[in-house]
Every structure is written in structure tokens, then in C-alpha cells.
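Beneath this line is the structure, given in C-alpha cells, with notes to follow.
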Amino acid sequence: MRASDRDRCKSGISSVCVALILLSALIFSASALSAEYTVFDNATGYHAAVEIQDAESYAFVKPGMLGEKVPDKVTNVSLYYVNGTNASFEDKGRSISFEKGNYTVYFDSGLEGKNFQALYDSFYNVTLSLPAGYDVRNPLLGMVSNGGEADETDGNVTVSWTRKSYVEARFYDDFQVELLIIFGTFWIALVVVFLVPYLLSRRKNEP
């Protein structure tokens, strides 16, 4: 039995709606700026590459205790045009100023306690690359803020977020994993030492 013209029309409209939704998602994802961070091998800091658009200044900030913006101390600042050529800027200590346009700003910043945080004025697609020996995927030791996904390639873990104005990740090293295993084994052994005699004594006292 052939579908009626009305059914075929409804099916066509549904297909168009689905296609528009998917296209919108791709456009929104592509329209977000990009920020890439690479953690140093010793985990004391990171190198950043952050896109800025239609701007004439850029402030180096980080989240404070209450999530507010506080100045961040950075080093090795450089600025490049979209085509990859070096751009001049005025260094004002915790910010830089330049001719209005689109750029990528590069800089180094420190990390405390293997905890990474970044705050933005607009939506960003963010990538955090960890060196070999560090991870975020054990929920007892690591943490990734909402929307973050961790993947491993050749022993290196990368965390990525799509269209976020704030991201956070707490990572750990192999030594912390070993400590967790030792700690867990100790408590399991302690439970066995105290629980097994108790269960045996109860069994003996049962009529």
C-alpha cells in the first residue's frame, strides 16, 4: 500500500528538520574559538595557544576562589596573526594591547596541585594535552568539568570540551595511583582481619 501524499509530506518535513538541527550543531561548534593547552612534563605549568577575535587587547586571567576573574602571571608571551606571521603588541604586565583584529596569543602559565582551570569571555573549544604518565580518568583521583571527554593516544591523555566558557581538570600521576592501591589494599586487609574472626565467632554461637 502506497503512503499518502500527506504522509510523504510529513516525512519530508521531518527529514528537513533533522538536517537543519544537525547543520546548526555543526555551525555552532565550528563558530567557537579554539584554546589549546599542553602541560609541561613536570606538571608545574602549561603552554597555551588561545584564539582571539575582533579584539584589541587580551587580559591574562584565571578563576579565583569564588569563580571570579583574577590576574594570572604568565611568561613567554607572543602574538600571531591568523596567517601565522608574528604580530607586535604592547605588554602591560597582566595584559597586552594591539591593533584590533583576529590573532592567536601564546603564553606559559603555572599550575598548582595538578589542577587546571580556564575562564573565557565567550565560548571556546578547549583541548588539554597531558604528558605521558598523567591521567584524569580515575574518579577517585581525577576530575573533569562538565562536558569534558578524555581520550588516550600513544600513552598520552587529551581532554577536550566543546563550546565552554569555563573548564577544569584535576589530573594525577602514576605514583598517586600506586598510593591509592596501597591504601585500598591496607583497608581491605584491615577489614578482613577484624571481620573474619567476628563472623566465625557468630557462627560458633549460633544454636
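The values are calculated or read from the model by the stated rules, or taken from the named source; none is laboratory data. If you're wondering where the values come from, they're calculated on a predicted model, not measured in any experiment. Note: ideal-geometry Cβ built from the backbone for every residue, glycine included; neighbour counts use all protein chains shown. Only protein heavy atoms, including side chains, enter the accessible area calculation; ligands, DNA and RNA are left aside. Shrake-Rupley method; radii C 1.70, N 1.55, O 1.52, S 1.80 Å.
Brief remarks on what is shown
Residue-wise test of (1) in contact with a Lys or Arg (Cβ under 8 Å, 6 or more places away or on another chain); (2) of a type in the set (Asp, Glu); (3) open to solvent by less than 40 Å² (accessible area, probe 1.4 Å).
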position: Ala35; (1), (2), (3): no, no, yes
position: Thr44; (1), (2), (3): no, no, no
position: Gln53; (1), (2), (3): no, no, no
position: Glu56; (1), (2), (3): yes, yes, no
position: Lys62; (1), (2), (3): yes, no, no
position: Lys69; (1), (2), (3): yes, no, no
position: Asn76; (1), (2), (3): no, no, no
position: Tyr81; (1), (2), (3): no, no, no
position: Asn86; (1), (2), (3): no, no, no
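- If you go through segment 55-86 and keep only what is in contact (Cβ under 8 Å) with a residue 12 or more places away in the chain and among the aliphatic types (A, V, I, L, M), you end up with Ala55, Ala59, Val61, Val74, Val77, Leu79, Val82.
- Checked against the criteria, Val159 does not count as touching a Phe, Trp or Tyr at 6+ places or on another chain (Cβ under 6 Å), open to solvent by less than 30 Å² (accessible area, probe 1.4 Å), in a strand (DSSP E or B) and modelled with pLDDT of 95 or more.
- Unique match (being touching a residue at least 60 places away in the same chain (Cβ under 8 Å) and of a type outside the set (Ser, Thr, Tyr)) among Pro131, Pro139: Pro131
- Among the residues making up segment 82-131, those that are basic (Lys, Arg) and under 14 Å from Phe60 (Cα atoms) are Lys92, Arg94.
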